[in-house]
1. Using beta carbons and a limit of 7 Å, which pairs, at least six apart or on different chains, have the first residue in the stretch 21-39 and in contact (Cβ under 8 Å) with a residue 12 or more places away in the chain and hydrophobic (A, V, I, L, M, F, W, C) and the second one in a loop (DSSP other than H, G, I, E, B) and loosely packed, with under 14 Cβ neighbours inside 10 Å?
2. Among the residues of the stretch 27-49, which ones are more than 12 Å from the chain's Cα centre (by Cα) and more than 13 Å from Ser4 (Cβ to Cβ)?
Amino acid sequence: MIISYVFITSHLDQETSLAEYLRKLREVDEVMITTGTSDVICRVVTETLEDLYKFTIEELEKRPEIIDMRTSVVTKEINV
């Protein structure tokens, strides 16, 4: 299982509609609208790195609301 976070910059005032779209996708486990350098952050869970690649390229890059995105893959989880 691959856990990653996708940090998205969206067009002005489109973060809510984008977040609503993202939360319906099976790969998306959590969606947050944020302030700072990213407008939306989503936690994505896929089976493989190839699945993550396909998800970001085939699903996210086609969205007109998205200006830019960065993906960080979790290498180790530390429970508090």
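Where a number appears in this text, it was derived from the coordinates with a stated rule and is not lab data. All values derive from a computational prediction rather than experimental measurement. Here the Cβ positions follow ideal geometry from the backbone for every residue, glycine too, while neighbour counts run over all protein chains shown.
1. From the stretch 21-39, the pairs are Val31/Arg23.
2. Thr34, Thr35, Gly36, Thr37
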